[in-house]
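**Q** Okay, here's the structure, questions in a sec.
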Amino acid sequence: MRRALLAVVAIVVVAAAGGIAYGRSDRDGDRVVHASRIVPARARPHHSRPRPFVLAERSLPALATPVQDPATAAVGSRVVLAGGLTPADSSTDAVAADSGSHERMLARLPGAQHDAAAVTIGGKIYVFGGGNGTAQLDHVLRVDPVGGAVQDAGRLPVASSDVAAAAVGGTAYIVGGYTGTRWLDTIVAWRPGAPAEVVGRLPTPLRYAAAAAADGQLVIAGGSTPSGSASRAVLAFDPATQRVRRLGRLPAPTTHAAAASLGGLTYVIGGRGAALDSPSARITAVDPLRGRVRPAGRLASARSDLGAASIRHGILVLGGRGTQGTVSTVGLLTQRAVARRPAAAARVADVYGHDRVGMLATTVQDDPPRVYVPNSGSGTVDVIDQRSFKVVGHFAVGALPQHITPSYDLRTLYVNDDVGNSLTPIDPRTGQPGKPIAVDDPYNLYFTPGGRYAIVVAERLHRLDFRDAQSFRLHHSLTVPCAGVNHMDFSADGRYAIVSCEFSGQLLELDVRRERVLRVMHLPARSSIPQDVRLEPDGRRFYVADLAAGGVWKIDGGRFRVTGFVRTGAGAHGLVVSRDAKLLYVANRNDGSVSVISFRTGRVVATWRLPGGGSPDMGAVSADGKVLWLSGRYNGVVYAISTSSGRLLAKIPVGAGPHGVAVWPQPGRYSLGHTGILR
């Protein structure tokens with residue numbers, strides 16, 4: 001006991017003298033932290049699944065000139081309209097910005113065009129294809145929504161008009177279209193600086209489809225088919241698996257509609273049937289997570305060929321074609337909740353249903369099996385070959401690397417260089433590091449469902465920084481009402497997250513879409529140091545490891561309250577879900593053991609003790625589920641443990657203070673961050 005006490009004192013002294021300690025995020029002797037004053041957030045009602053909403057249209061000042069078929073996208077509260085058709089049925093080159101209360105001319109396109117599509121990536125508007133009355137266009141144009149500068153940014157694989165588009169995780173997906181002689185069945189991926197490529201195929205070629213992004217997927221609704229009919233099909237394209245699946249059917253055959261998303265739902269707005277002058281006022285909601293399609297209100301007047309884009313307060317709809325021709329109408333669609341009968345909480349079949357053996361996304365199938373180890377005390381990363389259990393790579397990174405996080409699109413691993421104030425990207429195909437990205441205090445890193453923003457957990461600064469998931473440009477900095485913010489996991493529908501704060505013994509409920517704290521909870525133990533957080537497979541409860549209490553708390557996410565506690569062992573820290581999603585592995589860092597909890601019973605069913613003791617900390621299971629990899633935080637090693645027997649297969653020496661290792665590749669469609677929360 002005296003030796004242990006002296007060791008703790010020594011660590012504190014080193015921390016004070018050097019300004020840092022590699023375990024600064026865990027208050028078990030690594031660092032003394034004085035919590036700032038905690039101000040509880042006001043409790044707000046929370047709904048664990050999308051409520052049934054209808055959209056109501058409020059009339060706003062009209063456009064200066066009627067227009068239909070403009071390419072439309074939003075940046076902040078401004079919606080940019082590029083090109084379109086005038087009442088004389090001729091193309092226009094005008095680029096305008098409309099805030100709902102004011103319209104101003106921004107610029108001119110290189111030429112008049114219509115029936116293009118537009119998306120927003122990194123604060124810029126990108127316009128794809130279109131037609132000019134005599135030919136189809138293959139250009140990709142970048143429009144500055146502030147200054148109005150228009151520049152060439154790339155080319156589509158084939159010139160086409162009548163396309164639809166939406167952006168998912170910094171990549172634009174262009175759907176269908178018309179070459180002048182044939183309908184297209186392609187889904188084309190394009191991102192700034194990279195060539196366009198076909199990544200998917202529609203079951204039927206389409207023109208004039210409606211498309212928007214929700215829940216990390218591309219929702220595609222309706223459209224015109226080569227037979228001349230309008231489609232009723234509602235499809236979802238998953239960028240991670242590059243597969244198209246059928247979600248349902250629209251209430252009626254629909255083409256020339258618009259689409260935009262709010263709160264995880266895509267709304268298909270207006271449109272018409274196969275006949276030219278058959279505009280509709282119908283609004284249909286699509287829930288891609290649950291595969292539901294349902295009516296969701298009506299426009300104030302029937303319109304097809306309108307522009308639509310989501311802004312802060314709702315969906316702005318602009319222009320279009322009504323019963324009397326091209327219109328200048330502008331309206332704001334806002335959500336209005338409708339009453340529903342009380343029902344039991346929704347059950348999710350399995351949030352880890354895409355994380356099974358053999359379900360590697362095509363993006364990662366050729367990545368070599370490696371374990372990437374951030375050595376907090378050494379400022380380095382070691383790379384372990386999963387097959388040989390040997391270190392095959394080693395490189396320096398920024399100061400105090402804490403975790404290694406897979407990007408939302410699974411293409412990059414980011415080393416969280418905490419005190420180095422940077423993220424070091426790693427190419428998982430080669431295992432080589434790239435140029436560091438400047439970011440304040442990245443103790444941990446997550447991605448919002450849908451991949452729009454990265455959430456940098458700035459523990460030292462008491463902040464959650466929402467940044468663009470591609471450029472890492474700061475979008476919003478949220479100061480949190482707790483000390484030691486460090487880990488989180490997201491609800492099944494992605495609307496909220498449970499966040500742990502180790503130094504104040506609290507949990508936060510975070511409204512992900514609105515980027516604000518809803519509620520604060522003090523854990524009931526006299527001394528609590530909450531750590532890792534994991535959602536159970538059916539989406540009902542979260543498990544939260546508690547370093548001081550020596551176990552895990554069960555948290556009802558919908559009601560945000562403690563429902564139980566499972567004692568595991570001293571220093572409960574890292575949580576890992578088994579490959580079949582039946583078990584939860586709890587790394588007991590101060591006990592030198594791993595506890596195995598059954599999700600079905602909520603009880604410990606096995607305890608695996610490391611021979612000679614150890615300090616199991618953070619990790620993941622291999623893609624085949626046979627090996628549990630954990631860092632040995634205070635022993636400078638990484639453990640490889642058989643998941644069938646709990647037997648230690650290997651103990652691999654690495655640098656000082658190994659922490660949040662990334663085991664790669666992992667099955668799943670996309671990453672929500674940390675060391676690999678894939679879904």
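The values are calculated or read from the model by the stated rules, or taken from the named source; none is laboratory data. Note that the structure is predicted; figures quoted are calculated from it, not measured. Cβ coordinates were reconstructed from backbone atoms using ideal geometry, including for glycine residues, and neighbour counts include every protein chain displayed.
**Q** Can you pull out the strands (runs of 3 or more DSSP E) entirely within the stretch 515-575 that have at least 2 residues that are touching a strand residue (DSSP E or B) at 6+ places or on another chain (Cβ under 7 Å), assigned by TED's automatic domain parsing to the domain that holds Ser631 and crowded, with 24+ Cβ neighbours inside 10 Å?
**A** The strands (runs of 3 or more DSSP E) meeting that bar are 530-535, 541-546, 551-556.
**Q** Next up: Would you pick out the residues in the stretch 459-475 that are in contact with an Asp or Glu (Cβ under 8 Å, 6 or more places away or on another chain) and over 23 Å from Asp409 (Cβ atoms)?
**A** Selection gives Glu459, Arg460, Leu461, Arg463.
**Q** OK, next. Starting from the stretch 370-393, keep only residues that are without any contact (Cβ under 8 Å) to a residue 40 or more places away in the chain and assigned by TED's automatic domain parsing to the domain that holds Val627, then list their pairs with residues that are acidic (Asp, Glu) and crowded, with 21+ Cβ neighbours inside 10 Å whose Cβ atoms are within a distance under 6 Å, requiring at least 6 positions of separation or different chains.
**A** none
**Q** Still on this model: Which of (1) in contact with a strand residue (DSSP E or B) (Cβ under 9 Å, 6 or more places away or on another chain); (2) in contact (Cβ under 8 Å) with a residue 40 or more places away in the chain; (3) on the phi > 0 side of the Ramachandran plot does Gly193 not meet, given it meets every other one?
**A** So Gly193 meets the others, but not (2).
**Q** Quick check on my filter: what residues within the stretch 106-134 are touching a residue at least 40 places away in the same chain (Cβ under 8 Å) and farther than 29 Å from Gly169 by Cα?
**A** Asn132, Gly133
**Q** Let me spell it out: the conditions are (1) buried (at least 24 other Cβ atoms within 10 Å of the Cβ); (2) out of contact with any Lys or Arg (no Cβ under 9 Å at 6 or more places or on another chain), and Val485 meets all of them except one. Which number is the exception?
**A** (2)
**Q** Okay, moving on. Tally time: how many residues in the stretch 245-263 are of a type in the set (A, V, I, L, M) and surrounded by fewer than 17 Cβ atoms within 10 Å (Cβ to Cβ)?
**A** Within the stretch 245-263, residues that are of a type in the set (A, V, I, L, M) and surrounded by fewer than 17 Cβ atoms within 10 Å (Cβ to Cβ) number 1.
**Q** From Arg347, Arg340, grab the single residue that is modelled with pLDDT under 70, closer than 30 Å to Leu678 by Cα and not hydrophobic (A, V, I, L, M, F, W, C).
**A** That would be Arg347, the only listed residue that is modelled with pLDDT under 70, closer than 30 Å to Leu678 by Cα and not hydrophobic (A, V, I, L, M, F, W, C).
**Q** Can you find, within the stretch 298-313, the residue that is farthest from the chain's Cα centre (by Cα) among those that are assigned to a strand (DSSP E or B) and over 15 Å from Thr284 (Cα atoms)?
**A** Selected residue: Gly307.
**Q** Give the residues of the stretch 201-210 that are assigned to a strand (DSSP E or B) and either without any contact (Cβ under 8 Å) to a residue 60 or more places away in the chain or surrounded by fewer than 24 Cβ atoms within 10 Å (Cβ to Cβ) (or both), sorted by residue number. It would help to see each step written out before you state the result.
**A** First, pick out the residues of the stretch 201-210 that are assigned to a strand (DSSP E or B): 201-207, 210.
Matches in the stretch 201-210: Arg201, Leu202, Pro203, Thr204, Pro205, Leu206, Arg207.
**Q** Evaluate the stretch 179-186: report whether one residue or more is among the aromatic types (Phe, Trp, Tyr), more than 24 Å from Pro449 (Cβ to Cβ) and either in the same structural domain as Ser310 (by TED's automatic domain parsing) or in contact (Cβ under 8 Å) with a residue 40 or more places away in the chain (or both).
**A** Among the residues of the stretch 179-186, at least one is among the aromatic types (Phe, Trp, Tyr), more than 24 Å from Pro449 (Cβ to Cβ) and either in the same structural domain as Ser310 (by TED's automatic domain parsing) or in contact (Cβ under 8 Å) with a residue 40 or more places away in the chain (or both), which makes the answer yes.
**Q** Further, regarding this structure: Considering only residues that are of a type in the set (Gly, Ala, Ser), crowded, with 19+ Cβ neighbours inside 10 Å and not in a strand (DSSP E or B), which ones fall in the stretch 399-429? Step through it out loud before you land on a result.
**A** Residues of the stretch 399-429 that are of a type in the set (Gly, Ala, Ser), as a first pass: 399, 407, 420, 422.
Cutting the leftovers down to crowded, with 19+ Cβ neighbours inside 10 Å gives us 407, 420, 422.
Within the stretch 399-429, Ser407, Gly420 qualify.
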